[in-house]
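To start, the structure under review is shown below, and the notes come after it.
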Amino acid sequence: MIWFWRGVGFAGLGMLALVAWISLRVAISSARHPAPQGVVMLTGHPQRITVALDLLEQDPDLRLIVVGGCWHIENYQRAFQRRAPGLKHLHFEAQALDTLTSFTSILPYLRAQKLQHIYVVTSQAHMPRTQQISWWILGSQGRVITPVPASDQIRPEHPSRRFRDTARALIWLLTRQTGDRFNPRYQQCLEYRKSSHQ
């Protein structure tokens with residue numbers, strides 16, 4: 001029994017060390033990059049498009065990353081073509097299967113563009129879980145988020161979804177695996193990725 005409690009103690013210390021390490025990286029990055037350099041918009045309610053475009057109107061040099069699933073990303077491409085046809089620095093990421101993979105899938109682009117501080121646009125009801133996931137995923141990479149919620153009529157999410165995705169984020173930190181292969185849409189997006197690179 002004593003070994004069990006020692007294991008719990010070591011796990012607790014490990015978690016505290018991880019939280020302290022991420023907090024330090026976020027604090028350093030925030031000091032170096034006080035102003036956001038880009039906007040990450042998670043697809044969903046149309047009000048999110050309006051909020052993202054308002055941010056770009058205030059600062060046209062911001063890069064906009066629209067993150068969604070392969071099954072509907074083309075709808076957003078057409079929406080932005082209609083509403084902002086001359087928009088610069090627009091990138092669509094179509095490999096997200098859920099909120100967790102929304103952030104893991106954009107890491108290569110953020111690294112390539114050297115974006116350390118970003119606005120994150122999503123629904124008000126979705127924002128608490130989004131902030132929690134992005135803190136683990138992006139914060140562990142030394143990146144800072146500034147949340148910008150979009151007003152909508154979506155009901156608040158059940159707390160269990162936050163606990164579930166926090167566990168998944170911790171697994172990703174340890175293994176770099178998201179469990180995306182278990183998503184029913186995984187194969188569909190895999191085919192989409194292959195066709196888009198042909």
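Values computed for the structure shown
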| read-out | value |
| --- | --- |
| Sequence-distant residues sharing a close amide H with Val40 (under 5 Å, placed H) | Ile65, Tyr119, Val120, Val121 |
| Residue-averaged [θ]222 nm for the chain, counting only DSSP H segments that reach four residues, each worth -39500 (n - 2.57) | -18000 deg cm²/dmol |
| Shape of segment 84-132, Cα gyration tensor, a/c cut at 1.5 | prolate |
| Cα gyration tensor shape for segment 82-198, rounded if a/c is under 1.5, else prolate or oblate | rounded |
| Given 16 as the ceiling on other Cβ atoms within 10 Å, longest exposed-site-free region of the chain for trypsin sites (Lys or Arg not before Pro) in DSSP loops | 1-87 |
| The chain: relative contact order in percent, alpha carbon pairs under 8 Å with at least 6 residues between | 24 |
| Tilt relative to the chain, helix 159-175 - C-alpha long axis, 0 to 90 degrees, to 10 | 80 |
| Distance (nanometres) between label positions extended 7 Å along Cα→Cβ at Arg155 and Ile28 | 4.4 |
| Protein accessible area in the chain, 1.4 Å probe - carbon and sulfur % | 58 |
| Accessible area of the chain divided out per residue, in Å², using a probe of 1.4 angstrom | 57 |
| Whole-angstrom gap from segment 130-154 to segment 52-110, using each part's C-alpha centre | 15 |
| Computed label-point distance, nm, for sites Asp98 and Trp71 using a 7 Å Cα→Cβ extension | 1.4 |
| Degrees separating the helix 2-32 axis from the principal Cα axis of the chain, which is the longest one | 40 |
| Cα gyration tensor shape of the chain, rounded if a/c is under 1.5, else prolate or oblate by comparing a/b with b/c | prolate |
| Listed residues Leu55, Pro85, His158: farthest to the positive end of the dipole of the chain (Cβ charges) | His158 |
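The values are calculated or read from the model by the stated rules, or taken from the named source; none is laboratory data. Note that this is a predicted model, so its numbers are computed, not measured. Don't worry about glycine lacking a Cβ; one is built from the backbone with ideal geometry, like all the others, and counts go over all protein chains shown. Quick note on the areas: whole protein, heavy atoms, side chains included, nothing else; ligands and nucleic acids left out. Shrake-Rupley method; radii C 1.70, N 1.55, O 1.52, S 1.80 Å.
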